[in-house]
Amino acid sequence: VNESMRDTALVLSRFNSLVLARVFAHDDILELSKYATVPVINALSDLHHPLQTLADLMALEDHFGNLKGKTLAWVGDGNNVLHDLMLGGAKLGMNIRIATPAGYDANSGVLETTKQLAAENGTADVFETTVASEAVKGSDVVVTDTWVSMGQEDEYEQR
């Protein structure tokens, strides 16, 4: 029998100064955060992958220096890695170009937030397409991810 997320959050809070959680469902992060009495850091969920983005953006800054005005292209499904890369890149003033296969689009809420961040940071509007060659045109960096993410193994043949 598994403990409830509430009980887990409270027990972890008693033993730790923070909780760093890798989960499948993003709702689990939200529930942990609701009940924990210490900060909860999302290390991975099906909606976000912020630590991967921090590492990716640090690598890009190491290579390019200031990222403002650079263009980042994504080719792949609209997954958690894309979501945070769009958000982080837009916050740093990067132009974002994405190619996702039809039916594998980025989360609409995350995409809308990214567009708002792009406008706030004076970058081009997010470019969306289903054609990889269109997305990578003029890009400074091209990023992709595995075509079958954790928990999607049963979709291997389809993807």
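Since every read-out is calculated from the coordinates, none of them should be taken as a lab result. Note that the structure is predicted; figures quoted are calculated from it, not measured. All Cβ positions, even for glycine, are placed from backbone atoms using ideal geometry, and neighbour counts span all protein chains on display.
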task: Name the residue, out of Ser45, Ser139, Ser13, whose mean-square fluctuation peaks in a Gaussian network model built on the chain with Cα pairs under 10 Å.
output: Ser13
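For segment 23-120, report the translational diffusion coefficient in µm²/s to the nearest whole number, using Stokes-Einstein at 25 °C, 0.890 mPa s, and a Kirkwood Rh over Cα pairs. Please list the in-between numbers first.
Numbers: Rh = 14.2 Å.
Once the numbers are plugged in, D ends up at 173 µm²/s.
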query: Pick from Leu32, Leu85, Leu20: which residue has the top mean-square fluctuation in a GNM of the chain where Cα pairs under 10 Å get a spring?
result: Leu20
field: Spin-label pair Glu153/Ala55, simplified geometry with 7 Å Cα→Cβ offset, distance in nm
entry: 2.1 nm
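To the nearest 20 Debye, how big is the dipole of the chain about its Cα centre, given +1 on the beta carbon of each Lys and Arg and -1 on that of each Asp and Glu?
Values: 11 positive and 23 negative charges, 120 e Å.
So the dipole magnitude of the chain works out to roughly 580 debye.
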query: Which one of Ala124, Tyr35, Thr8 is farthest out on the positive end of the charge dipole of the chain, using unit charges on Cβ (Lys, Arg +1; Asp, Glu -1) and the Cα centre as origin?
result: Ala124
- prompt: Taking a threshold of 23 Å on the Cα-Cα distance, which of the pairs Lys70/Lys91; Lys34/Lys115; Lys68/Lys115 fall above it?
  reply: Lys34/Lys115
message: Quick check: pseudo-label points 7 Å beyond the Cα along Cα→Cβ at Asp7 and Thr129, how many nm apart are they?
response: 5.3 nm
message: Compute the distance from the alpha-carbon center of segment 98-150 to that of segment 1-22, in whole Å.
response: 34 Å
message: Cut-off 10 angstrom, C-alpha nodes, Gaussian network model of the chain. Which of Lys115, Lys68, Lys137 fluctuates the most?
response: Lys137
message: Can you list residues from other chains, or at least 5 along the same chain, whose modelled amide H is less than 5 Å from the amide H of Val143?
response: Ala73, Trp74, Val75
